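Step one of this worksheet: look at the structure below.
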Amino acid sequence: MSAVIETEALTKVYEGALKGQDVHALKGVSLTINRGEIFAYLGPNGSGKTTTIKLLLGLIFPTSGTLRILGKTDINSAAVKRNIGYLPEGAYYPEFLEGEEVLRFYGQLYGMGGRELERRISEVLDTVGLTHARRRLVRGYSKGMRQRIGLAQALLSDPQILILDEPTTGLDPIARKEIRDILVELRDRGKTLFVSSHELLEIELISNRVGILFEGELKTLGTIDELLTDRDVTVEIENTTTEKLAKFSEVGVAIEDSVDNRYLLRIPADTSVFKVLDMCRDMEIKLVSVRPRRETLEELFVRVVGAAGKVKENVQ
Ligand SMILES: Nc1ncnc2c1ncn2[C@@H]1O[C@H](COP(=O)(O)OP(=O)(O)OP(=O)(O)O)[C@@H](O)[C@H]1O
Ligand SMILES: [Mg+2]
């Protein structure tokens with residue numbers, strides 16, 4: 001695996017006008033992002049996601065710590081810049097330009113031109129599925145199409161790295177799925193994607209690794225499989241009685257749901273599944289299913305951010 005983005009103890013303090021008003025936006029964040037992965041950068045509002053992105057783009061400078069992109073510490077060199085595509089949060093494109101004119105405009109800003117630019121415009125429009133709408137004014141584009149033209153813009157220089165700030169915020173389920181599919185396809189073609197998001201269900205579906213920020217500190221970092229463990233087990237049973245159900249509560253097993261005469265029992269990770277199954281057999285309760293229940297990314301996020309918030313409350 002080769003590292004595409006590496007940060008070491010990355011720290012950013014925004015200086016306030018007065019003493020004591022400084023904002024410690026990032027506090028020693030160390031991250032490695034590998035080639036060909038979708039890395040999800042998560043955290044509540046104000047936790048430092050956009051600050052990190054601005055640092056990666058060389059728009060602001062770290063207060064301390066180091067940054068290395070494609071092995072280079074000079075992240076403002078043309079070789080690095082050409083290899084980073086960026087889709088800003090809530091990007092805006094001129095309403096009275098056609099889709100392809102938007103791309104021509106950005107291409108020219110990047111120093112591209114002529115047949116090479118026209119070829120590239122056609123390629124990226126194809127990648128984001130907007131070939132049919134290339135001559136339409138952006139004014140007539142849906143939100144999803146606007147995000148796709150934004151992605152096309154980010155892809156113009158055929159960069160190795162794509163940095164996407166909230167790429168699916170405000171989109172309907174179909175438009176989200178379309179963007180998701182494009183991101184996965186880009187990953188499969190070997191691009192590295194750094195995606196900041198609040199859309200946890202979505203991120204869980206597509207990302208390889210996840211980092212969770214809280215108040216400028218990286219609280220959790222790992223692959224989806226490492227982080228979302230099979231924690232609890234659910235057991236579905238049928239035809240039981242209130243007295244029998246009470247026995248389960250006594251051993252710490254919760255009744256999560258019930259429909260008609262079926263009940264869903266949730267066995268916590270620290271309780272033996274076999275003990276519960278033995279109880280079912282002894283009480284002659286019919287078993288319908290036994291399933292491991294994987295934690296969702298949303299639950300992990302709430303757990304990590306909730307715990308970090310509590311620690312802070314106790315310190316204050
Ligand atoms: N230019 C700036 N000057 C001073 N403080 C700033 C500046 N930019 C951001 N901040 C502060 O730094 C902290 C981190 O902000 P940042 O925009 O990086 O968060 P975020 O994780 O992107 O949040 P969101 O999810 O709301 O987009 C916040 O407290 C914010 O108010
Ligand atoms: Mg932000």
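The values are calculated or read from the model by the stated rules, or taken from the named source; none is laboratory data. Given the structure is predicted, the values throughout are model-derived calculations rather than measurements. We place every Cβ from the backbone using ideal geometry, glycine too, and count neighbours over all the protein chains shown. Surface accessibility is based on the protein's heavy atoms, side chains included, excluding ligands, DNA and RNA. Shrake-Rupley method; radii C 1.70, N 1.55, O 1.52, S 1.80 Å.
Numbers below:
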{"quantity": "Cα-based Rg / Dmax (Å) for the range 230-294", "calculated": "10.6, 30"}
{"quantity": "Estimated FRET transfer efficiency (GLU226, SER272; beta-carbon r; R0 30 Å; 0.05)", "calculated": "0.80"}
{"quantity": "Degrees between helix 173-188 axis and first principal axis of the chain (Cα, 0 to 90, nearest 10)", "calculated": "70 degrees"}
{"quantity": "In degrees, nearest ten, helix 297-315 long axis to first principal axis of the chain (Cα)", "calculated": "90 degrees"}
{"quantity": "Cα radius of gyration and Dmax for the range 192-276 (Å)", "calculated": "18.5, 56"}
{"quantity": "Estimated dipole of the range 215-316 in Debye, rounded to 20 [Cβ of Lys and Arg +1, of Asp and Glu -1, Cα centre]", "calculated": "100 debye"}
{"quantity": "P(r), alpha carbons of the chain - 10 Å bins starting at zero, rounded %", "calculated": "5, 22, 25, 20, 14, 9, 4, 1"}
{"quantity": "Surface per residue (accessible, 1.4 Å probe) for the chain, Å²", "calculated": "51 Å²"}
{"quantity": "The range 92-156: relative contact order in percent, alpha carbon pairs under 8 Å with at least 6 residues between", "calculated": "49 percent"}
{"quantity": "Angle in degrees between helix 143-155 and the longest Cα principal axis of the chain, rounded to the nearest 10", "calculated": "60 degrees"}
{"quantity": "Net charge contributed by nearby residues that have their C-beta within less than 10 Å of SER47 (K/R +1, D/E -1)", "calculated": "0"}
{"quantity": "Enclosed volume per residue, in Å³, of the convex hull spanned by Cα atoms of the range 1-157", "calculated": "148 Å³"}
{"quantity": "Estimated [θ] at 222 nm from DSSP helical runs (n ≥ 4, -39500 (n - 2.57)) normalised by residues in the chain, nearest 500", "calculated": "-11000 deg cm²/dmol"}
{"quantity": "Gyration tensor (Cα) of the range 92-156, equivalent ellipsoid semi-axes in angstrom", "calculated": "17, 12, 10"}
{"quantity": "Anchor LYS81: aspartates and glutamates whose Cα lies under 14 Å away (excluding residues fewer than 8 positions away in-chain)", "calculated": "ASP158"}
{"quantity": "Spatially proximal lysines relative to LYS275 (Cα-Cα < 24 Å; intrachain offsets below 8 disregarded)", "calculated": "LYS244, LYS247, LYS286"}
{"quantity": "Carbon/sulfur fraction of accessible area - the chain, other protein chains in place, 1.4 Å, %", "calculated": "51 percent"}
{"quantity": "Distant-in-sequence amide H partners of ARG293 (H built 1.01 Å from N, under 5 Å)", "calculated": "ARG231, ASP232, VAL233, THR234"}
{"quantity": "Filter on LYS54/LYS219; LYS191/LYS219; LYS49/LYS191; LYS49/LYS310; LYS12/LYS177 - keep pairs with C-alpha separation over 23 Å", "calculated": "LYS191/LYS219; LYS12/LYS177"}
{"quantity": "Of all DSSP beta bridges in the chain, antiparallel share, percent nearest 5", "calculated": "70 percent"}
{"quantity": "Distance (nanometres) between label positions extended 7 Å along Cα→Cβ at LEU97 and SER122", "calculated": "2.1 nm"}
